[in-house]
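Single-structure report; data block below.
The values are calculated or read from the model by the stated rules, or taken from the named source; none is laboratory data. The structure displayed is predicted, hence computed values, not measured ones. Here the Cβ positions follow ideal geometry from the backbone for every residue, glycine too, while neighbour counts run over all protein chains shown.
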Amino acid sequence: YKVNGTWTNVPGMQMQASDRSDCKWMYTIDLGTATSATVCFNDGNSTWDNNNKNNYVLNKGTYKISGGTITKLAD
């Protein structure tokens, strides 16, 4: 992911098992003073989901991304 123009180093941050019933995996991004983050995903073996090279842009909040679809969830 990137916040304020700086990407994390590859392979990025590892997601954790979720305690929510509406998603299996999760990761919390500290936005600091930013209002959004740009994200893409990989499996640690060079297989990427980057939304057809558009990446995913998420505003402050809680989201689920599945099959290329972004769904805002209740916090």
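The table for this structure:
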{"quantity": "Tally, over the stretch 39-63, of residues that are outside any loop (DSSP other than H, G, I, E, B), in contact (Cβ under 8 Å) with a residue 24 or more places away in the chain and within 16 Å of GLN14 (Cα to Cα)", "calculated": "3"}
{"quantity": "Count of the stretch 1-24 residues which are on the phi > 0 side of the Ramachandran plot and surrounded by fewer than 10 Cβ atoms within 10 Å (Cβ to Cβ)", "calculated": "1"}
{"quantity": "Selection within the stretch 25-60 - loosely packed, with under 11 Cβ neighbours inside 10 Å, among the acidic types (Asp, Glu) and farther than 13 Å from LYS2 by Cα", "calculated": "ASP43"}
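Listed here are the residues, each with its yes/no results for (1) at pLDDT 95 or above; (2) among the aliphatic types (A, V, I, L, M).
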| site | (1), (2) |
| --- | --- |
| ASP19 | no, no |
| LYS24 | no, no |
| ILE29 | yes, yes |
| SER36 | yes, no |
| ASN42 | no, no |
| THR47 | no, no |
| VAL57 | yes, yes |
| GLY67 | no, no |
| LEU73 | no, yes |
